[in-house]
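Okay, so here's the structure we're looking at.
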Amino acid sequence: MSTTSPFSPAEIAALGIKPEEYEEIVKRLGRHPNKAELGMFGVMWSEHCCYKNSRPLLKQFPTEGDRILVGPGENAGVVDLDNGLRLAFKIESHNHPSAVEPFQGAATGVGGILRDIFTMGARPIAVLNSLRFGNLEDAKTRRLFTGVVEGISHYGNSIGVPTVGGEVYFNPAYSGNPLVNVMALGLMETTEIVKAGASGIGNPVLYVGSTTGRDGMGGASFASAELSDASMDDRPAVQVGDPFLEKCLVEACLEAFKTGAVVAAQDMGAAGITCSTSEMAAKGGVGIEFDLDKVPSRETGMVPYEYLLSESQERMLFVAHKGREQELIDIFHRWGLHAVVAGTVIEEPIVRILFQGQVAAEVPATALADNTPIYHRELLAQAPEYARKAWEWNQDSLPPASTNGVEIQGKLQSWTDILLTLLDTPTIASKRWVYRQYDHQVQNNTVILPGGADAAVIRLRPVEDRPLVGQASRLPLEMGGQDAHPTRDVEVAVGGQDAHPTRGFEDNNPKSGVAATVDCNSRYVYLDPYEGAKAVVAEAARNLSCVGAEPLAVTDNLNFGSPEKPIGYWQLASACRGIADACREFKTPVTGGNVSLYNETLDSEGNPQPIYPTPVVGMVGLIPDLAKICGQSWQKSGDLIYLLGKQDAVTLGASEYLAAIHDTVAGKPPIVDFDLERRVQAVTREGIRHGWINSAHDCAEGGVAVALAEACLGNRLGAEVNLNVTPDTSVRCDRILFGEGGARIIVSVSAESAQTWESYLEENLADAWEKIGQVGNTDSNLRIFTDDRISLIDASMSDVSDRYYNAIERRLKI
């Protein structure tokens, strides 16, 4: 064997392969790789595919529970929802593609996560997204923001899956590297859960779906490197999606799975043919021989390297039972899709790629899929200097505060002014401009519309043995999100009610539902990754509890900077430990997720600018009875307002108030009190299920004052509130009004239920609740007083509404 590599160090580095990794490749192959093989290792050994820096940290996550049917390792997690209902769910990122080409980057992010869901045999029923951008005053940020939202709405609306919830944050830390995380939910339609492990020596391997082109070349490697000025030249690494074709793919795949002819299925996502062949082979302990000449291509002159690394969208790989391949091919042809036998399951555990009658690549499957490099990095012995310095901050450094307000840059600002300023910050303000572009009611199962509650609520309505119509090619899906399946022609009713009495459901009035949320306060995680990550999980569970749902399980998207830098690895490792501890406390196992590292922007001088560490948690919960849920808005004038939780644990450290009003990012985030969290959430769920609670809203960014204002807005009902602060107290007014802390929920209860409700609180939350006020009349003001009736805030509904609902539009200048 020649000792001279056929590739230069620059060629090897261009594929994201380190010198020592190349030596390992040579050792495993017993020879130097050819270009196609080197490309295969480049994508499969990228962080995006093999988690070589994060896998040791992910092992500490709890992954088992009574309801967990499928945990990490498959295309999506699956949980048991009782009564034969099973939910598949997963979150994925498309950060780097969206930074370069926001529309297609975001659109194909939606398409990719939907394929993960229906590959399991589940029909997608909902999408949520978690988005991060820079300062909205910046023209580049506005271009990225509007492009991403347009891409999400285009794909989701066209394919007929409702976008029902999410979160959007704005911070300069994301200026060059936006985050686009998409979570999808699906209801299982097949009896057996479809998995990815190939089996059955001699079974045919089918390529199904769209054609293969040069788009998305090396997308996995691209997603595992820092963004730089030159990244704009990497547009070929951004995939191009076709939601209309994917709608056909959904129906064809679900029909195919129900035949029982499919042994295994794998989406061709990151790393395309390379990933799907190697992962299916490795998971099944077998090999796959695959002939590129059989692959339907959309471009001429493609070589093995291009076929193997292409990330063209809407493609799948199936292993079929031998003799039943034509049955499957016919199904895909009826849906106007390609389907060809392109390979065979073989006994030798290798991936053998054929091209023009020759072996183009031959690599051990496990070397690509699971026996990949793993880096155990050294953890800092103490917190880095930036964190230690931030922790030195205390509220004594703030200007003096009184009941009249606080002095900002030499001018007294009233607490009403401060509240209106916070409501006008894009992170807190209504995301109405975003979600109004999404079709959130298609499929008629959206119970609470976006902006109406702390979590999305979806009706669980199973589809059983629905007849399929043949000879369907490109169905006329409408951009408004009308479901295009020929047997599901349903008018969308306002409020998400079922508008069609004959849809083939066994139960036309299903009682149960699923709630879902995505959450992350990345400023908390930046300032204290361990405590901040615990707070992320706690808030997700709290949001589910506020609609009456029992938290069940988690999918996570870990968005971080470079793990090769001590600070970056400390943030990642500490956050993983926090998520693991919190998930155990809430008994919400992790069923899978995504890791997105190297979220850093190289400036023109080559200096890396990392994002805030952003571990997004997607959590799902079960609602046994959809008649017993609630939203965040006051429902009736005269209802009594209660604050569940403790006020004495709140802090201005790491708060939105400190950042937005005082331009300071410092302090420690609130410490999570798991016992109090569980008790507050439990009494909230019980109060909703007994019908005592009419509304529930957690106190998050902006503290209790912002939460009260948000509760007023939905039905334009004001409120009169007394908070436990007096002029001579040592407690600052801004800490009481805008301080942040976990385990706090504001609920409203009708006067008729108050005695029963308070008796229940005394038994179950005796030391951590107070009655703080009463819901006002329509268009009355939000008034907040001290204990001795000194006015702190007196905000008109018109001012509150204008600041909250128009903040984003004002900055977009529309």
Return the pairs, sorted by first residue and then second, in which the second residue is open to solvent by 10 Å² or more (accessible area, probe 1.4 Å) and in a helix (DSSP H, G or I), the first residue lies in region 561-575 and is hydrophobic (A, V, I, L, M, F, W, C), the beta carbons are less than 6 Å apart, and the residues are 6+ apart or on different chains. 573/57
Out of 595, 680, sole residue that is in contact with a helix residue (DSSP H, G or I) (Cβ under 9 Å, 6 or more places away or on another chain), farther than 22 Å from residue 744 by Cβ and outside any loop (DSSP other than H, G, I, E, B): 595
Any chance residue 168 is among the β-branched types (Val, Ile, Thr) and either modelled with pLDDT under 95 or buried (at least 22 other Cβ atoms within 10 Å of the Cβ) (or both): no
Quick check, is residue 654 buried (at least 23 other Cβ atoms within 10 Å of the Cβ), at positive phi and not in a strand (DSSP E or B)? yes
Considering only region 49-64, state which residues are at pLDDT below 95 and open to solvent by 40 Å² or more (accessible area, probe 1.4 Å). 51, 55
Got a number for residues in region 250-291 being in contact with a Leu (Cβ under 6 Å, 6 or more places away or on another chain) and part of a helix (DSSP H, G or I)? 7
Against the definition (touching a Phe, Trp or Tyr at 6+ places or on another chain (Cβ under 8 Å) and open to solvent by less than 20 Å² (accessible area, probe 1.4 Å)), how does residue 578 come out, yes or no? yes
I'd like to know if region 742-754 contains one or more residues that are open to solvent by 10 Å² or more (accessible area, probe 1.4 Å), within 30 Å of residue 398 (Cα to Cα) and not β-branched (Val, Ile, Thr). yes
Could you tell me whether residue 458 is more than 30 Å from residue 252 (Cβ to Cβ), under 20 Å from the mean Cα position of the chain (by Cα) and either modelled with pLDDT of 95 or more or assigned to a loop (DSSP other than H, G, I, E, B) (or both)? no
Hey, can you tell me all the residues within region 58-72 that are of a type outside the set (D, E, K, R) and touching a strand residue (DSSP E or B) at 6+ places or on another chain (Cβ under 9 Å)? 58, 61, 62, 63, 65, 68, 69, 70, 71, 72
Limited to region 555-584, what total is found for residues that are in a helix (DSSP H, G or I) and among the polar types (S, T, N, Q)? 2
Within the set of pairs 6+ apart or on separate chains, which have a first residue in region 417-435 that is assigned to a loop (DSSP other than H, G, I, E, B), a second that is aromatic (Phe, Trp, Tyr) and open to solvent by less than 20 Å² (accessible area, probe 1.4 Å), and C-beta atoms under 9 Å apart? 426/133
Considering only region 74-97, I want to know if a residue exists there that is in a strand (DSSP E or B), of a type outside the set (Val, Ile, Thr), open to solvent by 10 Å² or more (accessible area, probe 1.4 Å) and free of Cβ contacts under 8 Å to residues at least 40 places away in the same chain. yes
Which one of the conditions (1) touching a Gly at 6+ places or on another chain (Cβ under 8 Å); (2) farther than 16 Å from residue 765 by Cβ; (3) surrounded by 24 or more Cβ atoms within 10 Å (Cβ to Cβ) does residue 626 fail to meet, given that it meets all the rest? (3)
I'd like to check something: does region 520-539 contain any residue that is closer than 20 Å to residue 631 by Cβ, aliphatic (A, V, I, L, M), modelled with pLDDT of 95 or more and buried (at least 22 other Cβ atoms within 10 Å of the Cβ)? no
Six or more apart or on different chains, Cβ under 9 Å: which pairs go from a residue in region 783-802 that's surrounded by 19 or more Cβ atoms within 10 Å (Cβ to Cβ) to one that's assigned to a helix (DSSP H, G or I) and aromatic (Phe, Trp, Tyr)? Could you list them? 784/415; 792/415; 793/415
For residues in region 132-164 being among the hydrophobic types (A, V, I, L, M, F, W, C) and either more than 25 Å from residue 78 (Cα to Cα) or out of contact with any Pro (no Cβ under 7 Å at 6 or more places or on another chain) (or both), which is most open to solvent (accessible area, probe 1.4 Å)? 139
Give 740, 763, 770, 758 a once-over and let me know the one that is among the charged types (D, E, K, R), without any contact (Cβ under 8 Å) to a residue 12 or more places away in the chain and under 18 Å from residue 680 (Cβ atoms). 763
Across region 764-782, what is the total count of residues that are in contact with an Asp or Glu (Cβ under 6 Å, 6 or more places away or on another chain) and open to solvent by 60 Å² or more (accessible area, probe 1.4 Å)? 1
Given the structure, is residue 643 of a type outside the set (Lys, Arg) and either modelled with pLDDT under 95 or surrounded by 21 or more Cβ atoms within 10 Å (Cβ to Cβ) (or both)? yes
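The values are calculated or read from the model by the stated rules, or taken from the named source; none is laboratory data. Note that the coordinates shown come from a computational prediction; the quantities given were computed from them, not determined experimentally. Every residue, glycine as well, gets a Cβ built from its backbone with ideal geometry; the counts of neighbours run over all protein chains shown. Only protein heavy atoms, including side chains, enter the accessible area calculation; ligands, DNA and RNA are left aside. Shrake-Rupley method; radii C 1.70, N 1.55, O 1.52, S 1.80 Å.
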